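Peer 1: There's a structure below that I have some questions on.
Since every read-out is calculated from the coordinates, none of them should be taken as a lab result. What you see is a predicted model, and the numbers here were worked out from it, not measured in a lab. So basically every Cβ, Gly included, is an ideal-geometry build from the backbone, and we count neighbours across all protein chains shown.
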Amino acid sequence: MKKLLFLCSIVLLCLSAKAQINLNDGSWKCVLDEQFDEKASYWEWDTKRFLNEGDYSWKSYLGTIAPKGEREIYQFGNCQINTTDHTMHLVAYYDSINIHRNNYYLPKWMKKSNGGKGYPDSDGRFYFSGALQYYKQHYVKKEEDRMFQYGYFEIRCKLPTHKGAFPAFWLQHSSDVEGKKFYDEIDIFEYSWWITSPESPNRNTPGIGSKRCYTCGLYHNDTDNTYRDNSYGRVYPTIPSNSTDLDEYHTFACEWMPDHVIWYFDGIVMNEYHEKENIPQRPMYLKVNYAIDSYYRHGGTKWTGTDEMVIDYIKVYQKASPKRKIRARH
């Protein structure tokens, strides 16, 4: 639920105190404050064109088929704004009627008639779901101006926590251009039923299916365009005992700077990483998505319901004089 306008300054001061990072000391500038009101977040079904040159900052179709190990196909209709409380709902559901083929939107450039891959014909995809990527207005000419380089990134949201749910808030960029191969990713948070498994090595967690455990960390690879085994600072924190479960509203955040990454849960530091040589230094895309994890990890039982990830807001702060500035509008 949004705070009243006259309380905004008080809320910001409280956030700054809780997060142990003073966002109101003059050294930080808010470059993105997405409250998901209607005028700032509409999009068109053609991912190459927004409605006009206004404040349309999100791409709701990522233009890719789910990677191996996931079962979702992202669709525009699964990113739904609640106009009463101005929240974003990423809705996932199991398609029990027209499984797999010709029952979802496929952009022209992905169709075989236009040289694309077409509809997937193997490793069945059984779920529709929602995802957002910060993409900025279409008048931005340089792709890097749709990314962020360093800053403080925060989301307030409720998570789906059933078997197969795999919601995440993250930064990512990779390249496969000859002579320029790399992979960078910072997971501000990820949750899945499988992540909480005590059978996985080096994980001090409450047990499989817990609503009180998630993961955060980063990947950095300067020789390939995949994350492979280049994981750093990965931890599996259990939320404080006085916190409500992850299916209630909480904030997840990280401070990404050239020499450190610090992760927060409800303003509490949950993880830190300080080895500069493994910290991404390039601009990255900001993403939030509700994936469906491979059900084979859960005894072969499919999840066949409908659920949603609910987002109250997404905010980004950068230092007032960063090395490069993001031309963002609020």
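Peer 1: What is the sum of charges, Lys and Arg at +1 and Asp and Glu at -1, for the other residues whose Cβ falls under 11 Å from the Cβ of residue 252?
Peer 2: On the way: positive: 156; negative: 154, 187, 190, 266.
Result for the local shell: -3.
Peer 1: For the residue pair residue 111 and residue 225, what label-to-label distance in nm results when each label sits 7 Å from Cα along the Cα-to-beta-carbon direction?
Peer 2: About 2.6 nm separates the two model spin labels.
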